Amino acid sequence: MSTAAHSTLTYVKGGSWLLGETSPGEIFAPEDFSDEQKLMAQTAEQFMDQEVVPRARDLEEKKIETNVELLKRMAPLGLLGIDVPEKFGGMEIDKVTGMILAEKLAHEGSFACSHGSHTGIGSWPIVFYGSEAQKRKYLPRVCSGELISSYALTEPHCGSDAMALTTRADLSPDGMTYTLNGTKMFITNAGFADLFITFAKIGGERITCFIVEKSFPGVTTGAEEHKMGIMGSSTRTLILEEARVPVENVLGEIGKGHKIAFNCLNMGRLKLGAGAVGGSKFCMAHAIRYAKERTAFGKAIAEFGLIQQKIAESCARIFAAESMTYRTAALIDALLSGVSKDSPEGAEQALKGIEEYATECSIMKVMGSEYLDYVCDEAVQIYGGYGYSKDYPVERFYRDARINRIFEGTNEINRLLIPGMLLRRAMKGELPLISASGQGRGPAGGDGSRLKHHHGGLRLRIFAAPYIEGGGDARGRQGAIACCHDSAIHQWRCGTGGSGSQGGPGDNRRRGPAADPACGAQAVQQVCARRYRGNRPVDCTGRPGSQWLAPQNALRTIQRSCYR
């Protein structure tokens, strides 16, 4: 599939935005979508609004067969093979288009989980690491909906500490099969999945990935979990008792399963960020509609200042998360331009490209999920008592949103990963962050001199110290870096929402703890004016015509959020 204008963007190293300037024109935004991408967005949105959302009640009542029916209906639209090469029945679309679809498919949280588990972490390992025979055997059936896939990594006693998994795999004496024993927890799609991308330790030591079919002897699932939210998705344990898996179902290299797990989680974080944007927009659209219809003291509550403030603050967060998501996706596309996943070399290059922006993917996951929580909470507040009733959709939105701070690595884990990945790259010489933060010997030169002159550099020096002293190991030093990840997150957010300020280190427009030139008011206005298409009134979905929020008010709100 052809890519959009973002394929012409200049490649920049992941994390380099901490050190240099970026002009607003170099940041890909939703206004840059191609006609083809807009058409795909419309197709996905229509499917959700016409096929899935009307059946939200069935999903909420745990009629899990509804998931299978809806997934199979997506196959003719190509929506089950988003990242699968065309030769295996997929669309192999670019990352920006993938984010667009993830955003539009997030209108119903339970189904979004089912679809994401199947097309994302349940398919990517085969796409990127599968042998030619494995791809031919499984991918066409995954794209058609004949097989539904899932991802089995988490265990009862090792959630965030994935390397501590205890599921064991032992090779049979004849060398034909592996025998797997262990239990996997919280497996999405487990109630109807045909495939489980499963991680186990061969001989109790070497983490390896396996394609486990539900029909294999010794493979069973537990009862459905009773969850707070996303009740329409199937979540069960996967039980492996002397489960026999053919040796040809080993996925990737023996002992390298952790690479498969972590690389696929990086991609999952990016898509989760896009899904959070879509969920936030959908929720806020409901809240805005209600605020216009609900009257109190003789007028619509949308006319009250405190309600307008809730909408404006929610919109500012949506704007920021949306901008960060598509900027990151476009950077990955720029790096992968011309790379095909159709060959082992191409797949390896694609994985390296995704790994290049692992920090940004973690930022998307953290910010997207927390902004979604904020938007859903304010939506319930706008509805008042009705928002607490199951008769109104925001009650479900509120419950469904909460899982996203746990999915794909908890936000706490990702908050440790963000500075950790940056500093590890710096210590390898891949990113001149140490000298820029003033930790290296001698004066910082080049880009480093710029970083040292603002408070962001001070924060970087603070969180650099524990890593340097510990040789890159953050264990036992979480307290020292717990608040410092916000420096990187803040600069990525502000640099995306308003980069390219011409002000120098002494520019008095920069205020607050981050005090970064990328957060200059003039630059924020440049990007926002571009995003808001000439200051026309818009609503949170980007459609013109609504009068609830003037763009100039949104600008002021976004600027305030940058200075915090």
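Working note: Cα atoms of segment 246-378, range along each principal axis, descending, whole Å: 71, 34, 22. Listed by chain and number, the lysines whose C-alpha is less than 20 Å from the C-alpha of residue 256, apart from same-chain residues fewer than 8 away, are 135, 184, 201, 341, 352. Amide H to amide H, with H built 1.01 Å from N, residue 78 comes under 5 Å of no residue 5 or more places away or on another chain.
Take segment 156-296 with all the other protein chains still there, run a 1.4 Å probe, and you get 39 Å² of accessible area per residue. Computed with a 1.4 Å probe over protein heavy atoms only, the accessible surface of segment 54-102 comes to 36 Å² per residue.
Each Lys or Arg adds one and each Asp or Glu takes one away; over the other residues whose Cβ falls under 13 Å from the Cβ of residue 224, this sums to +1.
Working ranking of peptides 199-206, 218-225 by packing, defined as the average number of other Cβ atoms within 10 Å per residue, highest first, is 199-206, 218-225. Using 0.36 nm per residue and subtracting the Cα-Cα separation, the extra length available between residue 65 and residue 225 on full extension is 56.0 nm. Applying 1/(1 + (r/R0)^6) with R0 = 25 Å to the Cβ-Cβ distance of residue 390 and residue 51 gives a FRET efficiency near 0.65. Sorted largest first by accessible area at a 1.4 angstrom probe radius, with every protein chain in place, the residues 299, 310, 281, 365 fall in the order 299, 310, 281, 365. Once the convex hull of all Cα atoms in segment 316-419 is built, its volume per residue stands at 124 Å³.
Computed over protein heavy atoms with a 1.4 Å probe, the carbon and sulfur contribution to the accessible area of segment 174-273 reaches 54%. Of the cross-linked pairs 72/137; 63/365; 281/390; 214/259; 259/428; 72/390, those separated by over 26 Å at the C-alpha level are 63/365; 72/390. Note on residue 317: accessible area is roughly 50 Å² with a 1.4 Å probe, heavy atoms of protein only. Within the accessible area of segment 278-426, the carbon and sulfur atoms contribute 53%, probe 1.4 Å, all protein chains present. Hull volume per residue, based on the alpha-carbon atoms of segment 153-208 and their convex hull, is 84 Å³. Volume per residue of the convex hull around the Cα atoms, evaluated for segment 285-357, comes out as 101 Å³. Over segment 37-109, with every protein chain in place, what whole percent of the accessible area is carbon and sulfur at 1.4 Å, could you tell me? Carbon plus sulfur share of accessible area: 50 percent. Peptide packing: for 260-272, 149-161, 83-95, the average count of neighbouring Cβ atoms within 10 Å per residue gives the ranking 260-272, 83-95, 149-161, highest mean first. In terms of the mean number of neighbouring beta-carbon atoms within 10 Å, the peptides 11-17, 132-138 order highest first as 11-17, 132-138.
Taken as Cα centroids, segment 367-385 and segment 113-172 sit 33 Å apart, rounded to the nearest whole angstrom.
The values are calculated or read from the model by the stated rules, or taken from the named source; none is laboratory data. The model shown is predicted, which means the values in this text are computed figures rather than measured ones. Heads up, the Cβs are rebuilt from the backbone with ideal geometry, glycines too, and the neighbour counts pull from every protein chain shown. These accessible areas exclude ligands, DNA and RNA; they are computed on the full protein's heavy atoms, side chains included. Shrake-Rupley method; radii C 1.70, N 1.55, O 1.52, S 1.80 Å.
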